[in-house]
Amino acid sequence: MKTLFHKLLSSFGAVVLGFLGFSSCGEIIDGPIMCEYGTPHGEFKVDIKVTDESGSPLKDIHVSPVILHPSNYDIRRQELGAILTDESGKAVKIYDHSWIDDVRVIFEDTTGVFAKDSADFKPVQTKEGDKHWYRGEKTVSGTHKLKKK
């Protein structure tokens, strides 16, 4: 009697779990469930001009963006690769990144004439995502003036 009860109970459980499994793969009221694999991604663009106090462009300044994550993340800050400014004082680079809320940019002169400085930026959404894995493009742009030591 006991073994018959266990067989019936396990058979009933297998049938119920089978129906639950099939029902989880069905359609939702708004449409079918899309199966997507991967991770969220997007672009982060830095487009900053660096000048001296008189407005003349500065060449060979290290522009280092640092992503500041909210305090609920384990990683509080993430440093991205530095960019060197060109003859016109521009530092332009596109990074692959998706979770960007606040950015601190650190400016360092390689010649030692200008003092190290930093500025906080709020990225602007410049290209929309596809509402799935692609988050679009966010851009940090502007002009920053460095002071002499």
* Around GLU137, what is the net charge, scoring Lys/Arg as +1 and Asp/Glu as -1 over all other residues with Cβ under 9 Å from its Cβ? -> +2
* Pop out the ³J(HN,Hα) list for region 44-59 in order, Karplus 6.51 cos²θ - 1.76 cosθ + 1.60 with θ = phi - 60°, rounded to Hz; leave Gly and Pro as x. => 10, 10, 10, 9, 10, 10, 10, 10, 8, 5, 8, x, 6, x, 10, 9
* Asked: Quick one: how many Å² of LEU8 are accessible to a 1.4 Å probe, rounded to 10?
  -> 110
* Structure fact -> With label points set 7 Å from each Cα along the Cα-to-Cβ direction at LEU4 and ALA82, the distance between them in nm comes to 8.3
* Asked: Roughly speaking, what is the stretch gain from ASP52 to SER118, that is 0.36 nm per residue apart minus the C-alpha to C-alpha distance, in nm to one decimal?
  -> 22.3 nm
* Asked: Could you give me the ³J(HN,Hα) list for region 60-67, computed from phi with Karplus coefficients 6.51, -1.76, 1.60 and θ = phi - 60°, whole Hz, x at Gly and Pro?
  -> 6, 9, 6, 10, 10, x, 10, 7
* Structure fact -> The set of residues whose placed amide H lies less than 5 Å from the amide H of HIS69, leaving out same-chain residues fewer than 5 positions away, is ARG77, GLN78
* Phi-based couplings in Hz for region 78-91 (Karplus 6.51, -1.76, 1.60; Gly and Pro marked x) -> 9, 7, 9, x, 6, 10, 9, 6, 8, 4, 8, x, 8, 10
* **Amide H within-cut-off set for LYS145, under 5 Å, with H built and near neighbours excluded** => THR51
* **Accessible area (Å², 1.4 Å probe, nearest 10) - LYS59** => 110
* Structure fact -> Residues meeting the amide H criterion for ILE83 (H placed from the backbone, H to H distance under 5 Å, 5 or more places apart or on another chain) are VAL63, SER64
* To do: At 1.4 Å probe size, with no ligands or nucleic acids counted, give the accessible surface of LYS116 in Å², nearest ten.
  => 140
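The values are calculated or read from the model by the stated rules, or taken from the named source; none is laboratory data. What you are looking at is a predicted structure, and each value in this text was computed from that prediction instead of being measured. Note that we place each Cβ from the backbone using ideal geometry, even for glycine, and neighbour counts take in every protein chain shown. Just the protein is used for accessible areas: all its heavy atoms, side chains included, with ligands, DNA and RNA removed. Shrake-Rupley method; radii C 1.70, N 1.55, O 1.52, S 1.80 Å.
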